[in-house]
Amino acid sequence: MEILAIIAVFSPLLGFLGAGTFGEKLGDRFSQIVTCGLMGLSTLLSIYLFYKLALGERTLSIELFTWIQVEFLQVSWGLQLDSLSLVMMGVVTIVSLMVHLYSVGYMDGDQGVPRFMGYLSLFTFFMLILVTAPNLLQMFFGWEGVGLCSYLLIGFWYNRESANEAAIKAFLVNRIGDIGFVLGILTIFVMFGTLDFTAFFDILEQHQTDSFRFFGVEFHALTLASMLLFIGAMGKSAQIGLHTWLPDAMEGPTPVSALIHAATMVTAGVFMVVRLSPLLEYAPFAREFITLTGGVTALMAATIACVQNDIKRIIAYSTCSQLGYMFMAAGLSGYSASMFHLTTHAFFKALLFLGAGSVIHAMSDEQDIQKMGGIWKFIPVTYTVMWIGSLALMGFPFFSGFYSKDIILEVDWASGLPIGKLAFYFGLTAAILTAFYSVRLILLTFHGKSRADDTVMGHIHESPLVMLLPLVVLAIGSVFAGYSLDKLFVGEETTFWGNAIFVLPQDEVISKAHHVLPWVHWSPAIMGFIGMIIGYVFYERLKELPAQLSRSFKGIYLFLYHKWYFDELYDKLFVNSSLKLGKVLWEEGDQEIIDGLGPNGFSTVAYVGGGLLSRLQTGYIYHYAFGMFIGIVFIVGWYFWL
């Protein structure tokens with residue numbers, strides 16, 4: 001079993017090495033075969049391990065080698081396989097395999113196919129390292145690895161200035177969050193003397209009243225550690241304030257969008273919060289902050305998605321919103337509900353992104369839904385799977401999102417806390433908006449009269465089979481994953497999660513969520529129906545109404561269209577001031593002081609001095625004789641003076 005686990009985790013790394021080393025020499029097909037083949041092996045082994053270990057309620061801990069060993073710190077490199085990490089392994093590998101296969105068709109003809117396939121596999125490897133880490137330092141290694149790969153993949157088309165800017169933005173914004181993560185790791189180490197999850201989880205209760213001095217102020221130690229670590233999660237999972245990189249990441253190829261926004265990078269923050277459930281249970285203030293952040297993010301992102309026109313950006317903001325749902329539940333101790341929604345979301349969000357890629361492929365790289373319309377007859381398979389993904393996203397009854405979104409809102413209500421009730425109403429409002437912008441996307445993209453150029457419409461076609469097969473697989477997951485996993489993940493009597501998730505008895509909320517009033521249970525679906533009806537009326541019956549409303553409420557429309565002006569605010573507060581500071585340091589500090597007194601100063605002194613000395617070179621012998629005489633007098637005088 002240990003060998004199988006090691007192969008499952010390290011197979012994508014071998015795929016990266018194969019494509020990166022021999023891809024240029026042996027061609028695109030070799031890179032596609034080796035990366036897809038090894039990714040398929042990793043997927044099959046992950047599913048097998050899930051069946052044997054997670055479903056058998058067994059755990060497996062593997063220590064591969066000692067990574068760091070000094071007097072005060074010992075960190076081993078290993079694999080921790082429990083129900084939590086095995087669920088993540090299954091989700092990551094299945095979605096990644098679909099993305100790999102899809103990329104064979106989508107990236108066909110691109111000059112950098114070996115590099116692209118290698119990056120996908122490396123990204124997956126780092127994600128597997130992250131979710132199987134037995135300690136915080138190894139988790140941070142995988143954390144930074146997926147950050148590096150996201151930079152490489154978002155900026156894959158490096159000849160585009162917009163792609164380079166988006167990659168740099170994603171890298172820098174995530175570094176801000178990672179500062180909090182690093183400080184949180186250091187806080188944990190100072191408090192417990194270890195970074196191993198099992199080791200410091202076992203002694204948490206003994207330290208629940210400890211305080212910690214941070215920047216000269218006394219804080220509750222576990223709350224401080226939780227808040228710092230959550231800042232890292234905010235960056236990776238694009239929560240409000242650190243979310244601005246997410247829509248710009250759409251500059252990368254569409255398979256990248258599916259991989260980053262479905263089951264991998266953006267869910268790393270949710271996974272970390274759930275993994276740290278024993279810590280968070282003793283930090284109630286931090287959990288309330290997590291719930292509030294998730295609720296505000298869910299609502300904020302949903303409002304922005306309602307007015308965007310780029311098909312990928314709409315889906316990206318929906319990702320941001322759904323991540324908010326996951327944090328809402330985690331902050332109220334509904335960790336299993338968060339993981340349930342993470343799992344179902346992976347299927348339907350990957351489906352939506354890859355479906356959007358199929359639309360873009362058919363429309364000759366057009367991404368503006370205002371320039372589409374009337375194309376459903378030409379790409380019926382893509383149209384069907386986009387409806388399936390959208391219905392799952394909306395939480396339409398008996399699709400996968402219905403079950404996971406429902407339990408999250410039930411957790412919000414059942415918690416009985418004021419912050420839980422607030423999150424519940426935020427979630428209901430976001431549910432209406434989610435259904436609205438999903439119907440808007442479908443109707444503007446596929447229905448009505450075509451608004452595309454005749455040239456584009458003349459070349460519209462369904463995607464090749466290698467792109468459609470992953471869509472069908474993900475569509476099946478989007479329909480059946482919720483029903484299949486409901487009782488296993490969040491059933492009232494389930495013991496599936498074992499010790500992987502820890503909840504104090506007084507915070508147990510999943511069992512309470514199963515006994516809420518019927519109106520609470522059905523309210524997400526009802527809100528979804530209302531949103532669908534509004535979207536249908538706006539974009540099918542009264543098609544002039546959206547334009548009229550945007551003119552009548554221009555300020556609100558522009559506020560949403562410009563994404564709450566976060567980018568403009570950050571430009572004014574940080575970017576422009578940093579550029580001005582950099583210009584001053586460059587012109588005044590570097591050029592005037594450092595270069596002026598340093599290299600340029602010395603060269604000026606040498607130049608002027610040389611000019612003065614050159615005047616002595618007159619060519620007259622008596623001048624040279626006089627100079628020699630003066631020199632002799634100086635030397636003799638110096639000798640007698642000493």
Qualifying residues in the stretch 40-91 (those that are assigned to a loop (DSSP other than H, G, I, E, B) and acidic (D, E)) - the one least open to solvent (accessible area, probe 1.4 Å): D82
Verdict on S450 being outside any helix (DSSP H, G or I) and hydroxyl-bearing (S, T, Y): yes
Residue match in the stretch 380-390 (condition: assigned to a loop (DSSP other than H, G, I, E, B) and under 23 Å from I304 (Cα atoms)): no
Residues satisfying the stated conditions in the stretch 14-34, i.e. open to solvent by less than 60 Å² (accessible area, probe 1.4 Å) and aromatic (F, W, Y): F16
Flag if E508 is of a type in the set (D, E, K, R), within 30 Å of A283 (Cβ to Cβ) and surrounded by fewer than 20 Cβ atoms within 10 Å (Cβ to Cβ): yes
When residues of the stretch 124-142 are limited to those that are within 18 Å of F16 (Cβ to Cβ) and among the aromatic types (F, W, Y), the one most open to solvent (accessible area, probe 1.4 Å): F141
Scope the stretch 445-485; condition polar (S, T, N, Q), open to solvent by less than 20 Å² (accessible area, probe 1.4 Å), modelled with pLDDT of 90 or more and touching a Ser or Thr at 6+ places or on another chain (Cβ under 9 Å); matching residues: S478
Selection from the stretch 163-200 of residues that are open to solvent by 10 Å² or more (accessible area, probe 1.4 Å), of a type outside the set (D, E, K, R) and under 16 Å from V575 (Cβ atoms): N164, I168, F171, L172, V173, I176
Qualifying positions in the stretch 210-240 - small (G, A, S) and either in contact (Cβ under 8 Å) with a residue 12 or more places away in the chain or crowded, with 24+ Cβ neighbours inside 10 Å (or both): A221, A225, S226, G232, A233, G235, S237, A238
Scope the stretch 31-60; condition farther than 30 Å from N499 by Cα and either among the aliphatic types (A, V, I, L, M) or in contact (Cβ under 8 Å) with a residue 24 or more places away in the chain (or both); matching residues: S31, Q32, I33, V34, T35, C36, L38
Test result for P524, farther than 30 Å from Q208 by Cβ and open to solvent by less than 20 Å² (accessible area, probe 1.4 Å): yes
Close pairs from the stretch 433-447: first touching a residue at least 24 places away in the same chain (Cβ under 8 Å), partner among the charged types (D, E, K, R) and surrounded by 23 or more Cβ atoms within 10 Å (Cβ to Cβ), Cβ under 7 Å, at least 6 apart: none
Condition check for H207: in contact with a Cys (Cβ under 6 Å, 6 or more places away or on another chain) and in contact (Cβ under 8 Å) with a residue 12 or more places away in the chain: no
Flag if S415 is polar (S, T, N, Q), farther than 21 Å from P464 by Cα and open to solvent by 10 Å² or more (accessible area, probe 1.4 Å): yes
Of the criteria (1) over 23 Å from V274 (Cβ atoms); (2) modelled with pLDDT of 90 or more; (3) open to solvent by less than 70 Å² (accessible area, probe 1.4 Å), which one L148 fails: (3)
First in the stretch 19-30 and under 21 Å from G105 (Cβ atoms), second anywhere and of a type in the set (G, A, S) and in a helix (DSSP H, G or I), Cβ under 6 Å, 6 or more apart: A19/S31; A19/G118; G23/S31
Residues located in the stretch 274-283, provided they are over 9 Å from S226 (Cβ atoms) and either open to solvent by 10 Å² or more (accessible area, probe 1.4 Å) or in a helix (DSSP H, G or I) (or both): V274, R275, S277, P278
Scope the stretch 208-257; condition over 13 Å from the mean Cα position of the chain (by Cα), in a helix (DSSP H, G or I) and of a type in the set (D, E); matching residues: E251
The stretch 517-544 residues that are more than 21 Å from F424 (Cβ to Cβ) and free of Cβ contacts under 8 Å to residues at least 12 places away in the same chain, paired with ones that are open to solvent by 40 Å² or more (accessible area, probe 1.4 Å) and assigned to a helix (DSSP H, G or I) (beta carbon under 8 Å, 6 or more apart): V537/L545
Residue, nearest to G56 (Cα to Cα), within the stretch 487-503, restricted to residues that are outside any loop (DSSP other than H, G, I, E, B) and in contact with a helix residue (DSSP H, G or I) (Cβ under 8 Å, 6 or more places away or on another chain): G498
Set S400, S438: member being out of contact with any Phe, Trp or Tyr (no Cβ under 7 Å at 6 or more places or on another chain) and either of a type in the set (S, T, Y) or at pLDDT below 95 (or both): S438
Residues of the stretch 377-412 that turn out to be open to solvent by less than 20 Å² (accessible area, probe 1.4 Å), in contact with an Asp or Glu (Cβ under 7 Å, 6 or more places away or on another chain) and of a type in the set (S, T, Y), as a count: 1
The stretch 323-376, residues that are assigned to a helix (DSSP H, G or I), in contact with a helix residue (DSSP H, G or I) (Cβ under 6 Å, 6 or more places away or on another chain) and open to solvent by 10 Å² or more (accessible area, probe 1.4 Å): S336, F347
Within the stretch 284-309, considering residues that are open to solvent by 10 Å² or more (accessible area, probe 1.4 Å) and under 22 Å from S390 (Cβ atoms), the one nearest to the chain's Cα centre (by Cα): L299
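The values are calculated or read from the model by the stated rules, or taken from the named source; none is laboratory data. Given the structure is predicted, the values throughout are model-derived calculations rather than measurements. Cβ: placed from backbone, ideal geometry, glycine included. Neighbour counts: every protein chain shown. Areas reflect the complete protein model, heavy atoms only, side chains present, ligands, DNA and RNA absent. Shrake-Rupley method; radii C 1.70, N 1.55, O 1.52, S 1.80 Å.
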